[in-house]
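Everything on this sheet refers to the single structure shown next.
The values are calculated or read from the model by the stated rules, or taken from the named source; none is laboratory data. The structure displayed is predicted, hence computed values, not measured ones. Here the Cβ is made from the backbone with ideal geometry for all residues, glycine too, and neighbour counts use every protein chain on show. For the accessible areas, the whole protein counts, side chains as well, though only heavy atoms, and no ligand, DNA or RNA atoms are used. Shrake-Rupley method; radii C 1.70, N 1.55, O 1.52, S 1.80 Å.
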Amino acid sequence: MADGWGPRILRVWRADPVGAFWQALTLGAGYNAALVTLGAAALGFAAGSGGSFLVLRGRALVSDAMAHATLPGVALAFMVMVAMGGDGRWLPGLLLGSALSALVGLWVVGWIARATRLPEDAAIGAVLGSFFGLGVVLLTVIQTMGQGRAAGLEGFLLGSTAGMLRQDALIIAVGGALVVAAVWALRRPMTLVAFDPGFAAATGWNVGRIDMAVMAIVTAVAVIGLKIVGLVLTVALLVIPAVTARFWTDRSGRLVWIAGGLGALSGYVGAALSASAPDLPTGPIIVLVAAGLFTVSLLAAPARGVLAAAARHHRYQAQVHRRQGLLALARGDAIAERYTLRLMVRAGFARPDGVATEAGRGAAARLLRDEQRRAVARDMFRAGPPADDGLMPVERLFTPDQLRAIDARLAPRAVP
Amino acid sequence: MGAEFVQFSLTPILIGVLAAIACALPGNFLILRRQALVGDAISHVVLPGIVVAFLLTGSVTAWPMLLGAGAAALVAVVLIEAVQRLGRVEPGAAMGVVFTTLFAAGVLLLERSDTSSVHLDVEHALMGSLESLVWFRATGWGSLIDPAAWDSLPPELPRMALVCAVLAALTAVFWRWLRIATFDEGFARAMGIPVRAVGLGLVGAAAVAAVAAFDAVGSILVIAMFICPPAAARLMTDRLGVQVAWSVGFAVLSAVLGFVLAGYGPLWLGGQDAVSAAGMIAVTGGVILGLACRFGPARVGSVPRP
């Protein structure tokens with residue numbers, strides 16, 4: 001990793017790692033590094049938004065097969081370019097080769113799933129393994145061609161932005177921007193197909209063609225991402241932001257852009273971090289940033305997060321215990337359950353020895369009346385109120401008219 | 001086919017064959033249970049396990065590495081389950097999140113720690129180095145009965161043989177359970193078969209195979225051996241026993257043919273150097289699967305597709 005702009009960065013980093021990171025984050029670590037960082041952000045956005053269509057269609061791991069299938073294409077393109085007397089490392093040629101072989105891989109996955117009884121996941125694994133194997137074989141062939149250690153093609157495995165040519169950085173930045181534009185242009189049909197293919201077909205969209213467009217975007221992401229995330233981890237950049245975004249919204253339109261934003265953030269911060277330190281491989285860092293965002297979302301997202309769910313469960317549990325406690329007080333029973341007693345004491349309904357306070361007796365009487373009303377209501381309105389979980393006060397479930405009718409039935413025993 | 005073959009080719013071929021069989025055996029059931037990509041996930045997370053084991057013990061010895069890799073596989077399985085349940089994420093995506101993250105963490109740890117003194121790097125982890133497992137002190141076929149030469153057998157050979165034998169024994173012992181739990185989970189439950197334990201045990205067996213084979217053929221090529229031979233076998237027959245037999249046959253064929261093509265193919269074509277044996281084995285497996293997809297007698301199956 002220590003070639004290209006590496007040595008200078010190495011000195012800066014040794015002296016001041018945080019400063020070096022800040023410098024990279026604010027695009028101050030050189031023109032190439034800034035281009036790569038912006039390119040990674042564009043790529044991340046394209047991957048996040050494009051990947052969300054893929055995940056919604058339940059085909060997340062097809063992209064893994066395609067990404068691994070780029071390797072033989074890269075190697076073949078290198079060999080062809082050398083055979084034609086050119087420089088094997090010309091990036092556009094390598095990317096073209098990788099795109100072609102990714103599409104061949106995709107076609108083979110589809111063919112196996114169509115022509116045989118093997119499930120798609122077996123087809124994915126088979127293509128992934130054998131195409132990658134072919135790529136490795138071709139890499140060893142290149143090694144013996146005397147063009148020097150596989151000519152740095154190993155950088156495509158895990159992404160390596162160190163020592164990148166300016167022209168390559170430009171290609172990546174422009175390519176990323178083009179894919180983002182494609183996602184923007186096709187957002188409506190792709191969203192429609194992702195959520196409801198039947199409806200999309202009924203309203204005249206060609207679902208097969210839209211699916212192909214999604215796959216084309218995935219191919220573009222995999223190909224442009226080769227230099228940055230590398231082919232082994234491309235699937236992460238497509239899947240993790242999309243899955244993360246799902247924690248923050250239930251709305252399809254927003255999901256795509258949130259996933260894009262998360263992907264862009266991962267790409268930007270990851271590329272900056274990687275550029276600021278000598279031995280931080282780009283791909284893994286970007287993936288780990290994305291995984292960090294995922295973990296935070298899994299825990300802390302407001303509605304679907306684990307903490308929110310735990311808090312909801314806790315509140316519900318407390319409500320049930322409170323109700324049981326008050327009913328016990330109303331009957332004059334002892335509260336045996338420790339947690340219930342603690343809740344009662346904290347609410348000022350009972351003394352620590354379990355004897356009801358004035359407030360407790362009042363609350364218990366109100367709850368008892370509520371229970372009676374509920375029993376009558378169940379009798380009167382057989383279907384029951386729609387949202388009754390047995391905990392909500394009856395006043396909040398019925399209209400004033402209904403409540404008056406309920407109370408009229410209750411009259412003899414009504415509390416004044 | 002003399003001394004040179006025994007010294008340079010016999011042990012790699014044997015290790016390749018054993019690794020392919022060890023992966024193909026659990027692969028049969030994984031494919032039938034639509035869990036083919038569990039092998040994919042496991043073979044990726046082996047890397048962080050091995051790196052952590054190296055950082056803890058400071059050496060590249062076999063058993064800590066195997067333990068570390070096994071532990072990582074276990075962590076991955078638990079994490080995939082947790083992400084799936086806690087986040088209500090579909091299985092494929094949950095797998096994609098977990099194994100890539102662990103793999104990325106493994107690569108990062110590896111790059112950040114000083115492993116220059118030992119043979120441990122990402123490329124080796126991805127591609128393996130089957131060719132390097134030669135039998136130094138072998139002088140010819142006679143060495144097979146010469147205990148003094150056995151000392152220099154690559155340690156991967158007995159290890160892989162042990163793992164392969166254990167997996168074969170487990171497959172035989174739990175055959176009935178595996179078969180019933182794979183084809184009819186409800187019926188298996190009604191018969192009192194611990195379906196969940198069978199499922200976990202299968203994933204565990206796959207992890208053991210992946211970890212042991214990882215050394216020889218590299219993590220991504222393990223996937224090919226998990227899937228290609230059993231998938232091809234599935235297209236040859238409708239009977240499970242016959243399928244497993246075919247898969248073992250295909251695994252052996254891939255390993256032997258792949259190694260021979262890698263070692264001698266370039267020479268036949270006028271080249272000088274061998275190509276990656278592990279890669280060639282994966283390619284051979286893929287080609288066999290391709291042929292089975294085209295010509296396999298049971299490629300469509302007797303039951304209409306849903």
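Sticking with the crude label model, points 7 Å out along Cα→Cβ, report the distance from residue A:327 to residue A:209 in nm, one decimal please.
Here the modelled spin labels are 6.2 nm apart.
Dipole of region A:181-318, Cα-centred, from +1 at each Lys and Arg C-beta and -1 at each Asp and Glu C-beta, to the nearest 20 debye?
It works out to roughly 380 debye.
So how strong a dipole does region B:139-225 carry about its Cα centre when Lys and Arg Cβ are +1 and Asp and Glu Cβ are -1, to the nearest 20 debye?
It works out to roughly 460 debye.
Say the dipole of the protein assembly as shown comes from +1 at the beta carbon of Lys and Arg and -1 at that of Asp and Glu; which of A:102, A:50, B:18 then lies farthest toward its positive end?
Checking the options against the dipole of the protein assembly as shown, the answer is A:50.
Which whole-Hz couplings ³J(HN,Hα) result when phi for each residue of region A:117-133 is put into the Karplus expression 6.51 cos²θ - 1.76 cosθ + 1.60, θ = phi - 60°, listed in order with x for Gly and Pro?
8, 5, x, 4, 5, 5, 4, 4, x, 5, 5, 4, x, 6, 5, 5, x
For chain A, what is the accessible area per residue in Å², given a 1.4 Å probe and the full set of protein chains?
Solvent-accessible surface per residue comes out at 44 Å².
Can you give me the distance in nm between label points at residue A:312 and residue A:178, each placed 7 Å from the Cα along the Cα-to-Cβ direction?
Label at residue A:312, label at residue A:178, 4.4 nm between them.
Compare the Cα positions of A:313, B:29, A:299 along the charge dipole of the protein assembly as shown (+1 at Cβ of Lys, Arg; -1 at Cβ of Asp, Glu; about the Cα centre) and return the one farthest towards the positive end.
A:313
Top mean-square fluctuation among A:375, A:24, A:113, Gaussian network model of chain A, C-alpha springs under 10 Å?
Maximum among the listed residues: A:375.
Rounded, prolate or oblate: which one fits chain B, using the alpha carbon gyration tensor with axes a ≥ b ≥ c (rounded when a/c is under 1.5, else prolate when a/b beats b/c, else oblate)?
Oblate shape, in that a/c is at least 1.5 and b/c is the bigger or equal ratio.
For region A:21-149, what does the alpha-carbon gyration tensor say about shape, rounded, prolate or oblate, given a ≥ b ≥ c as the root eigenvalues, a/c under 1.5 as rounded, and a/b over b/c as prolate?
Taking the square roots of the gyration eigenvalues as a ≥ b ≥ c, region A:21-149 is oblate.
Once amide H atoms are placed 1.01 Å from N in the peptide plane, what residues at a sequence separation of 5 or more from residue B:218, or on another chain, have their amide H within under 5 Å of its amide H?
Residues meeting the amide H criterion: B:128, B:129.
Can you give the helix-only mean residue ellipticity at 222 nm for the protein assembly as shown, where every DSSP H stretch with n ≥ 4 adds -39500 (n - 2.57) and the sum goes over all residues, rounded to the nearest 500 deg cm²/dmol?
-24000 deg cm²/dmol
For region B:219-256 and region A:221-254, write down the distance between their C-alpha centroids in whole Å.
About 33 Å separates the Cα centre of region B:219-256 from the one of region A:221-254.
Which one, A:261, B:132, A:61, is farthest towards the positive end of the dipole of the protein assembly as shown when Lys and Arg carry +1 and Asp and Glu -1 on their Cβ?
With unit charges placed on the Cβ atoms, the residue in question is A:261.
Could you pull out every residue, at least 5 positions away or on a different chain, whose amide H is within less than 5 Å of the one on residue A:350? Hs are placed 1.01 Å off N in the peptide plane, and Pro or chain starts have none.
HN-HN under 5 Å from residue A:350: A:345, A:357.
Label region A:275-401 by shape, choosing from rounded, prolate and oblate, from the square roots a ≥ b ≥ c of the eigenvalues of the Cα gyration tensor; if a/c is under 1.5 it is rounded, and otherwise prolate applies when a/b is larger than b/c, oblate when it is not.
oblate
Would you mind calculating the relative contact order of chain B from Cα pairs under 8 angstrom and at least 6 residues apart, reporting the percent as a whole number?
RCO, chain B: 29 percent.
With r defined as the distance between the Cβ atoms of residue A:279 and residue B:267 and R0 fixed at 45 Å, what FRET efficiency is calculated, to the nearest 0.05?
After rounding to 0.05, the efficiency reads 0.70.
How much of the accessible area of region B:170-306, in percent, comes from carbon and sulfur atoms when a 1.4 Å probe is used?
The computed percentage sits at 66.
Could you put A:215, A:79 in order of accessible surface area, largest first, with the 1.4 Å probe and the full protein assembly present?
Of A:215, A:79, the descending order of accessible area is A:79, A:215.
What Kirkwood hydrodynamic radius do you get for region A:178-218 when you take the inverse of the mean 1/r over all pairs of distinct Cα atoms, in Å?
Computed over Cα pairs of region A:178-218, the Kirkwood hydrodynamic radius comes out at 10.1 Å.
Hey, what do the phi angles of region B:41-48 turn into as Karplus ³J(HN,Hα) couplings, whole Hz, using 6.51/-1.76/1.60 and θ = phi - 60°, x for Gly and Pro?
Whole-Hz 3J(HN,Hα) from phi for region B:41-48: 4, 4, 5, 6, 7, 4, 4, x.
Taking the Cα centre of region A:40-147 as origin, sum charge times position over the Cβ atoms of Lys and Arg (+1) and Asp and Glu (-1), and report the length of that vector in debye to the nearest 20.
So the magnitude is around 200 debye.
Once phi is turned into θ = phi - 60°, what whole-Hz ³J(HN,Hα) does the Karplus curve with 6.51, -1.76 and 1.60 give for every residue of region A:362-372, x standing for Gly and Pro?
x, 4, 5, 5, 4, 5, 4, 4, 4, 4, 4
Nearest 100 Å², what total accessible surface is buried between chain B and chain A (probe 1.4 Å)?
Between B and A, the summed buried area is about 4700 Å².
Can you give me the C-alpha center-to-center distance between region A:33-107 and region B:118-189, rounded to a whole angstrom?
Each part's Cα centre sits 35 Å from the other's.
In whole percent, and with a 1.4 Å probe on the protein chains, what portion of the accessible area of region A:213-257 is carbon and sulfur?
54 percent
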